[in-house]
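The values are calculated or read from the model by the stated rules, or taken from the named source; none is laboratory data. Remember, predicted model here, so these are calculated numbers, not experimental data. Positions of Cβ are generated from backbone atoms using ideal geometry, with glycine treated the same way; all protein chains shown enter the neighbour counts.
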2 protein chains.
Amino acid sequence: MTDLQGQRIVSQLDPDGTLTVSLEDFTLPAPEGRQVVIRVEATPINPSDLGLLFGPADIEKAEFSPGRIVAKMPDPAVRAMAARHGAAMPVGNEGAGTVVAAGDAPEAQALLGKRVTCFPGGMYATLAVADAAMCLELPEGVTAEQGASAFVNPLTALSFTETMRHLGHNALVHTAAASNLGQMLVKICQADGIPLVNIVRNDAQVAILKGIGAEHVVDSSKATFLDDLAAAIGATKATMAFDAIGGGKLVSQILTVMEQVANSGAAYSRYGSNSPKHAFIYGALDLSPTVLTRNFGFSWDVSGWLLTPWMGKLGAEVVEKMRSRVMAELTTTFASSYKARVTLDQALTKEAALEYNARRTGEKYLITP
Amino acid sequence: MTDLQGQRIVSQLDPDGTLTVSLEDFTLPAPEGRQVVIRVEATPINPSDLGLLFGPADIEKAEFSPGRIVAKMPDPAVRAMAARHGAAMPVGNEGAGTVVAAGDAPEAQALLGKRVTCFPGGMYATLAVADAAMCLELPEGVTAEQGASAFVNPLTALSFTETMRHLGHNALVHTAAASNLGQMLVKICQADGIPLVNIVRNDAQVAILKGIGAEHVVDSSKATFLDDLAAAIGATKATMAFDAIGGGKLVSQILTVMEQVANSGAAYSRYGSNSPKHAFIYGALDLSPTVLTRNFGFSWDVSGWLLTPWMGKLGAEVVEKMRSRVMAELTTTFASSYKARVTLDQALTKEAALEYNARRTGEKYLITP
């Protein structure tokens, strides 16, 4: 078997704060054992990819040339990312494509010529390597585009409800809820009978969620927001929240309202209610600090949430059930929509980069190498 | 048995924001069943008492008259405390005194004439009622003053190390660490071989803790604070913190340093380390918001911590062990020191109230009714 030549996007941060994101040629060695080589056909730009691709670098003021972006990273981030200094890091968590080469192992050979979806990293490329055991073969009739986002969002949405069950809560609040992920969560909660409060930021997003049948949709841009939130949390008795925004006061406001609901009708306690209130921050759409006013008693937790360690906590059986459900409902519950499709070259133009880096809900990009 | 007449301090918040803290006469009915009536001899003013006594009311500008303080509560607090509007609430969590009346139950009768310590609330009074089963008889030779603080601080300090074990951590960080509680924690950790990082705010507090043999003491007022903290967390590998301050950036800084220590020498991950980092906020010496910069990956928890629900989580066996240890070590590990002793009347003077409400470490007041 000959070497496999391709192109890929890499992101390199140098100690002087220069971030270079560029398209480079590379050569893959022949796959061994369970490895398969995938010709990438569709790969989404998720917020979790943007953290590695650009991080908090100033893309607005970057220099753009064909196949190359050079930007300045703020000093605190340069220091925080010392471990990646000087390394050209491949980007792109997940995607779908066709297996064009495979190692000797039977499970690898079995995928030759098949269309698969996978989550190996380095998918912003014409060719990527994955472990055959971690690939899922796409069902007949499912396109690469339909299968490109089969891991990050679907497993995250399903893990939210499993985390809720794992920790003994019964209803959820979700922010930035009109995202692809948020729409999946609406459908999962409908199917599973889980009360869900969706927080969005404008009328268009309210319309998207109402359009797919969401019952509780609250708009944080409205003057009545806190009252609306109190009514929705009162109706659902939600005590757990998943927040994609991170920065600002929203998490604190959610906990405050949960505490008010828990206290309504109860006797006064200077320490607040004993009702557990748990907010998970799983994203950073707003990179500013999280501000907690702590006017919600002492029975509360605010925690970071990340898919991989939580799948570990939930256990192999639950994860296998989640993966099966994703494949069965890939074009229904777990369908994603994209604002634009770009090639690898186009992804590095100013026009595209500024738009997808804005991380606006409902404006996700798909790379079709 | 005749009625028992006494005096007590009550705190009343009216819907218009007027907070009245006053000394009132009251009459106790004869005790029934397991109830005992205690002639209060010593009761400390803990930060947890100040929340009910004054909360965030403006004591600086209050009107003081003999046995009476009238202050203005800020509007947000007035709304948050709607459940206590109009109620004259007795104050004082814990204290020690002599049992002067008892109900019929044998365990109550057995305490008649005995000196006990207890945690029933309403101890800022000449007489208080408690459940005999919740009273601990003070050992021979232990004074009421020595036994006055046998619950809140000792059980809290012991619960910190039990919470640490319960959640699988091995070393601790503690803030405002020169407090009575902090000194108890130093002694417990010394005895139990638990590495402990103490964060204090000035040289005098460093000296207090060094004087009782604390190994890692870091002064947050120094320019080298973050480096000193990194060295101490690096040496102890502490991954859990208990914070009495609440407001500001300190909790965030602790988590950031824990993450740096976890990452030193590790390969770069855009999501941060998988090392769990847990900060508990158990006090509110600073009432301003908690500000989390979130530059510590996604494996972190910040939680409220309160003694009573955590004793429930730790279980009856652990709690019984803690209570026995407190009684055995009341004048050594769990000795408290007080800056001043005041009567109920004196506690309501401007001079005293301003000083103890400042909640300065090492300036605790004891009421001796």
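When the residues of the stretch B:211-238 are narrowed to those that are out of contact with any strand residue (DSSP E or B) (no Cβ under 8 Å at 6 or more places or on another chain) and part of a helix (DSSP H, G or I), which ends up surrounded by the most Cβ atoms within 10 Å (Cβ to Cβ)? Restricting to residues being out of contact with any strand residue (DSSP E or B) (no Cβ under 8 Å at 6 or more places or on another chain) and part of a helix (DSSP H, G or I), the top hit is B:ALA230.
For (1) modelled with pLDDT of 95 or more; (2) under 20 Å from A:SER336 (Cβ atoms), each residue gets a yes or a no:
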| residue | (1), (2) |
| --- | --- |
| A:ALA96 | yes, yes |
| A:ALA105 | yes, no |
| A:THR117 | yes, yes |
| A:PRO120 | no, yes |
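Can you find a residue that is farther than 16 Å from B:PRO154 by Cα, charged (D, E, K, R) and not assigned by TED's automatic domain parsing to the domain that holds B:GLU162 anywhere in the stretch B:316-323? Within the stretch B:316-323, one or more residues are farther than 16 Å from B:PRO154 by Cα, charged (D, E, K, R) and not assigned by TED's automatic domain parsing to the domain that holds B:GLU162. Apart from one condition, B:THR163 fits all of (1) in contact with a strand residue (DSSP E or B) (Cβ under 8 Å, 6 or more places away or on another chain); (2) assigned to a loop (DSSP other than H, G, I, E, B); (3) assigned by TED's automatic domain parsing to the domain that holds B:ILE199; the exception is (2). Listed here are the strands (runs of 3 or more DSSP E) enclosed by the stretch A:77-154 that have at least 1 residues being within 14 Å of A:THR43 (Cβ to Cβ) and within 14 Å of another protein chain (Cβ to nearest Cβ): A:88-90. Considering the conditions (1) in contact with a helix residue (DSSP H, G or I) (Cβ under 7 Å, 6 or more places away or on another chain); (2) outside the structural domain of B:ASP203 (by TED's automatic domain parsing); (3) farther than 17 Å from B:GLU41 by Cα, B:SER299 is excluded by exactly one of them, (2).
Under the condition of being within 10 Å of another protein chain (Cβ to nearest Cβ) and farther than 20 Å from A:LEU307 by Cβ, which residue from the stretch B:258-270 is farthest from the chain's Cα centre (by Cα)? Steps first, answer last, please.
Looking only at the stretch B:258-270, we keep the residues that are within 10 Å of another protein chain (Cβ to nearest Cβ), and these are B:259-260, B:263-270.
Adding the requirement that they be farther than 20 Å from A:LEU307 by Cβ leaves B:260, B:264-265.
Values: B:GLN260: 31, B:SER264: 35, B:GLY265: 39 Å.
Top of the filtered list is B:GLY265.
Restricting A:LEU314, A:LEU255 to residues that are closer than 27 Å to B:PHE296 by Cα, at pLDDT 95 or above and away from every other protein chain (no Cβ under 14 Å) narrows the list to A:LEU314.
A residue that is within 16 Å of A:HIS278 (Cα to Cα) and either within 14 Å of chain B (Cβ to nearest Cβ) or part of a helix (DSSP H, G or I) (or both) occurs somewhere in the stretch A:167-184.
Is one or more of the residues making up the stretch A:192-200 without any contact (Cβ under 8 Å) to a residue 40 or more places away in the chain and surrounded by 23 or more Cβ atoms within 10 Å (Cβ to Cβ)?
yes
For the stretch A:271-306, the set of residues classified as among the charged types (D, E, K, R), at the interface with another protein chain (Cβ under 7 Å from one of its Cβ atoms) and crowded, with 20+ Cβ neighbours inside 10 Å consists of A:ARG294 only.
Go through B:GLY51, B:GLY33, B:GLY55, B:GLY17 for me and flag whichever is farther than 23 Å from A:THR293 by Cβ and either hydroxyl-bearing (Ser, Thr, Tyr) or touching a residue at least 24 places away in the same chain (Cβ under 8 Å) (or both).
Among B:GLY51, B:GLY33, B:GLY55, B:GLY17, only B:GLY33 is farther than 23 Å from A:THR293 by Cβ and either hydroxyl-bearing (Ser, Thr, Tyr) or touching a residue at least 24 places away in the same chain (Cβ under 8 Å) (or both).
Name the residues in the stretch B:219-252 that are more than 14 Å from every other protein chain (Cβ to nearest Cβ), more than 23 Å from the chain's Cα centre (by Cα) and of a type in the set (Gly, Ala, Ser), would you? B:SER221, B:ALA223, B:ALA231, B:ALA232, B:GLY234, B:ALA235 - these are the residues of the stretch B:219-252 that are more than 14 Å from every other protein chain (Cβ to nearest Cβ), more than 23 Å from the chain's Cα centre (by Cα) and of a type in the set (Gly, Ala, Ser). A:ALA171: under 22 Å from the mean Cα position of the chain (by Cα), of a type outside the set (S, T, N, Q) and at positive phi, yes or no? Judged against the criteria, A:ALA171 is not a match. Note on the stretch A:1-48: residues that are touching a strand residue (DSSP E or B) at 6+ places or on another chain (Cβ under 9 Å), crowded, with 20+ Cβ neighbours inside 10 Å and not in a strand (DSSP E or B) total 3.
A:PRO74 satisfies every condition listed in (1) surrounded by fewer than 21 Cβ atoms within 10 Å (Cβ to Cβ); (2) within 12 Å of another protein chain (Cβ to nearest Cβ); (3) closer than 30 Å to A:SER336 by Cα except (3).
Applying the selection to the stretch B:200-234, what residues are in contact with a Leu (Cβ under 8 Å, 6 or more places away or on another chain), of a type in the set (Gly, Ala, Ser) and closer than 19 Å to B:ARG360 by Cα? Selection gives B:SER220 alone. Selection of first residues in the stretch B:226-239 that are farther than 14 Å from B:GLU215 by Cα and of second residues that are small (Gly, Ala, Ser) and modelled with pLDDT under 95, restricted to Cβ pairs under 7 Å at least 6 apart or on distinct chains, gives the following pairs, ordered by first then second residue: B:THR239/B:SER275.
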